[in-house]
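Remarks on the structure that follows.
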Amino acid sequence: MNRIEVKQARYHSRLLCVVGLLLTAFSWAQAEPRDAEEIVARNCLGCHTSGAGGAPRPQHLGDWQALFSRYSEQQVVDHAYEGRGRMPARGFCSDCSRDDIARAIEVMLPESMRGRIVAE
């Protein structure tokens, strides 16, 4: 291969990489939101069902009222997403987005408290 052919090959290789990245980003951005109940079942109930380490139990009004008396809704989402104390980051759901975590929290809230957590 001569110098021009090498340059063209490098250019095409880079162009294919950029196109691949753009297609990946577009498909990721267009992905359907994950099912919050499935996220809760797979990642949250192990600790939250029993209230292990002070985890608020699903549908348990007193647990969630106590949590929201100390932290804002945004702080609760932040703690669940980033991890805090005994709460592991994203509840071990490494591929969960911040919105996925917010929807999962909403699912665990008692019916009377639903609508507090808004996914951004």
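The values are calculated or read from the model by the stated rules, or taken from the named source; none is laboratory data. Predicted model only: the values in this text are computed from it and were never measured. Here Cβ is always computed from backbone atoms with ideal geometry, including for glycine, and neighbour counts include all displayed protein chains.
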- If we scan segment 62-77, do we find a residue that is outside the structural domain of Val40 (by TED's automatic domain parsing), among the hydrophobic types (A, V, I, L, M, F, W, C) and loosely packed, with under 15 Cβ neighbours inside 10 Å? no
- So, in segment 47-61, of the ones that are surrounded by fewer than 18 Cβ atoms within 10 Å (Cβ to Cβ) and among the hydrophobic types (A, V, I, L, M, F, W, C), which residue ends up farthest from Arg114 (Cα to Cα)? Ala52
- Tally time: how many residues in segment 85-110 are in contact with a helix residue (DSSP H, G or I) (Cβ under 8 Å, 6 or more places away or on another chain) and surrounded by fewer than 17 Cβ atoms within 10 Å (Cβ to Cβ)? 6
- Query: Out of segment 42-82, which residues are small (Gly, Ala, Ser), over 14 Å from the mean Cα position of the chain (by Cα) and not in a loop (DSSP other than H, G, I, E, B)?
  - Reply: Gly46, Ala52, Gly53, Gly54, Gly62, Ala66, Ser69
- Item | Any hit, segment 60-73, residues being of a type in the set (Gly, Ala, Ser) and in contact with a helix residue (DSSP H, G or I) (Cβ under 8 Å, 6 or more places away or on another chain) | no
